[in-house]
Amino acid sequence: KDYMNTFGHSFFPNTDEDSPYASLANWAKSNRTQYEKIEGGEKTSLSKERIDLLNDIGFQWNPRGKFPTWDERYEELNAYYEHYGHLNV
């Protein structure tokens, strides 16, 4: 919450181990990963209460936009294959 109040967002920069925000960035990434799994129908240890707490402070679950669906990623992969002729991505 302090980070978001200071910087106005939850987009943590790529950090190295010496950064004062490295641990926080890893924690945010872990929560985003769990949330993405929940969105995909999987069960995780991230509770509804914790999601609500993070939502209440404006936590951004996917700083790059919405999570792509499996079908969207498949179409992307297929288009890549048709363009480049391989799947070495």
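Identify, please: which residue in segment 40-71 is modelled with pLDDT of 90 or more, assigned to a helix (DSSP H, G or I) and not hydrophobic (A, V, I, L, M, F, W, C) and is, among those, most open to solvent (accessible area, probe 1.4 Å)? Only one residue fits best here, namely 50. Scan segment 17-29 and give yes if some residue there is polar (S, T, N, Q) and at pLDDT below 80, otherwise no. Looking for residues that are polar (S, T, N, Q) and at pLDDT below 80, one finds at least one in segment 17-29, hence yes.
The values are calculated or read from the model by the stated rules, or taken from the named source; none is laboratory data. Since we're looking at a predicted model, the values are computed, not measured. Areas reflect the complete protein model, heavy atoms only, side chains present, ligands, DNA and RNA absent. Shrake-Rupley method; radii C 1.70, N 1.55, O 1.52, S 1.80 Å.
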